[in-house]
Amino acid sequence: MFISLWDFFYGHFFRFWMKWLLRQMTGKCELQRIFDTYVGAQRTHRIENSLMYSKNKVLQKATLVVQSEVDKCIEDIMREKNINPEKDVSFKICMKACLLQISGYRQLYLDVESVRKKPYDSDNLQHEKLLLKLWNLLMPTKKLKARISKQWADIGFQGDDPKTDFRGMGILGLINLVYFSENYTREAHQILSRSNHPKLGYSYAIVGINLTEMAYSLLKSEALKFHLYNLVPGVPTMEHFHQFYCYLVYEFDKFWFEEKPESIMYFNIYREKFHEKIKGLLLDYNVSLTLKI
C-alpha cells in the first residue's frame, strides 16, 4: 500500500518538481543530465525510462521509433526540450546511440520471434540441409545411414526423426545448434563427448533446444537489455542473440558437471537453478556475458 502511494506521488508530483528544480539549477534537462552522469547500459536504461515516463507525447513515442526515423526523432526531442545543438554538441551523438540500442532491441525480439514461429518442415530442402549440416559438424567421421534413424540419438535427439524435437522453438532451435557447432566446433565436440558421460550425461541436442528457449525467454522479458546495451554500441542483431546462446551452452555444461546431479531426472531443477543464476548476472548494469575460451 505504502509503496503504491509512493509510486503514485513520485510519478505525478515529486518527480516533476524535482526535474524542474534540477533544470533551474543546472540549466539542463533530465536527458542531458543523464548523458553527463552515466555511461553504458545504465545510460541507455535511464534514457529509456526518462522517455517512457515523460508526459510529453513526443518523448514517449521516441521509445517506439524505427531505425530509419531516429535522426528526425532526435530533432523533435531537441526542439521539445529547447536543446541548442551548438551549446550541447554531444547530445545528438549520445541520443542516437541510445535510440539505436532501444529500437534495435525491440527489432531483435521481433526477428527472433519470427524465426521461432517457423516450424521445422521436412519438405523444406533448406531445413533438411541444415539438419544434415548439424550431423556432419558434430559427427564428421560417422556417416548418417538414413534420414530417419536411431543414430540421431548419438547427438542427443529423442527419436528417430529430429523434426519432432523442434516443435517448441521451431527452426530457431536448429539454427542455434548449427551456429554453435559451426563457430565453436572444438567446444561443441567436447561438450557432446561430455554429454555421453555414464553418470552425468544428458541429451545434447535436447538440452541445446531447451537453452534456445531460455535465451528467447530472457530476450522477451527484456532481461537481456543491460547485456546487449553494454555489448553492442549500436543495433543488436541475430548474431548477438546466437552468441548469447553459445554462452549459455558452454556455461550450462560447466554448471551441470560442477553441480553433479544424481540423475537426469533432476534436469528441470538444475535447469531452473542455472536460469536463476543467469538472471542474477543480468541484473548488473555492467554485465556483458560473452563466451571466453
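The values are calculated or read from the model by the stated rules, or taken from the named source; none is laboratory data. Bear in mind the structure is a predicted one, so any value in this text is a computation, not a measurement. For neighbour counting, all protein chains shown are included, and Cβ atoms are generated from backbone atoms with ideal geometry for every residue, glycine included. For the accessible areas, the whole protein counts, side chains as well, though only heavy atoms, and no ligand, DNA or RNA atoms are used. Shrake-Rupley method; radii C 1.70, N 1.55, O 1.52, S 1.80 Å.
The test for being within 15 Å of Pro233 (Cα to Cα) and either in the same structural domain as Asp165 (by the TED database) or in contact with a Phe, Trp or Tyr (Cβ under 8 Å, 6 or more places away or on another chain) (or both) holds for Leu108. With the structure loaded, tell me whether Arg167 is charged (D, E, K, R) and modelled with pLDDT under 95 or whether it fails that test. Yes, satisfied. Evaluate the following for Val249: is it open to solvent by 30 Å² or more (accessible area, probe 1.4 Å) and under 23 Å from Val115 (Cα atoms)? It is false that Val249 is open to solvent by 30 Å² or more (accessible area, probe 1.4 Å) and under 23 Å from Val115 (Cα atoms). Residues in the range 154-182 that are assigned to a helix (DSSP H, G or I), over 12 Å from Leu138 (Cα atoms), over 18 Å from the mean Cα position of the chain (by Cα) and not charged (D, E, K, R): Pro162, Thr164, Phe166. Among the residues of the range 93-108, is any charged (D, E, K, R), surrounded by 15 or more Cβ atoms within 10 Å (Cβ to Cβ) and over 30 Å from Tyr184 (Cα atoms)? Yes, that holds for at least one residue. The residues of the range 85-120 that are touching a residue at least 24 places away in the same chain (Cβ under 8 Å) and part of a loop (DSSP other than H, G, I, E, B), listed by number, are Asp88, Ser90, Lys117, Lys118, Pro119, Tyr120. Output yes when any residue across the range 187-196 is over 26 Å from Leu131 (Cα atoms) and either at pLDDT 95 or above or open to solvent by less than 20 Å² (accessible area, probe 1.4 Å) (or both), and no when none is. Checked the range 187-196: no residue is over 26 Å from Leu131 (Cα atoms) and either at pLDDT 95 or above or open to solvent by less than 20 Å² (accessible area, probe 1.4 Å) (or both). Confirm whether Lys292 is open to solvent by 50 Å² or more (accessible area, probe 1.4 Å) and part of a helix (DSSP H, G or I). Here the answer is no, as Lys292 does not meet what is asked. Against the test of being part of a loop (DSSP other than H, G, I, E, B), surrounded by fewer than 20 Cβ atoms within 10 Å (Cβ to Cβ) and not assigned by the TED database to the domain that holds Tyr229, the options Asn49, Asn82 yield a single qualifying residue, Asn82. Just to verify a result, which residue in the range 216-237, among those that are aliphatic (A, V, I, L, M) and either within 12 Å of Arg106 (Cα to Cα) or open to solvent by 50 Å² or more (accessible area, probe 1.4 Å) (or both), is farthest from the chain's Cα centre (by Cα)? Result: Val235. When restricted to residues that are buried (at least 16 other Cβ atoms within 10 Å of the Cβ) and under 11 Å from Ala205 (Cα atoms), the range 124-159 contains 8.
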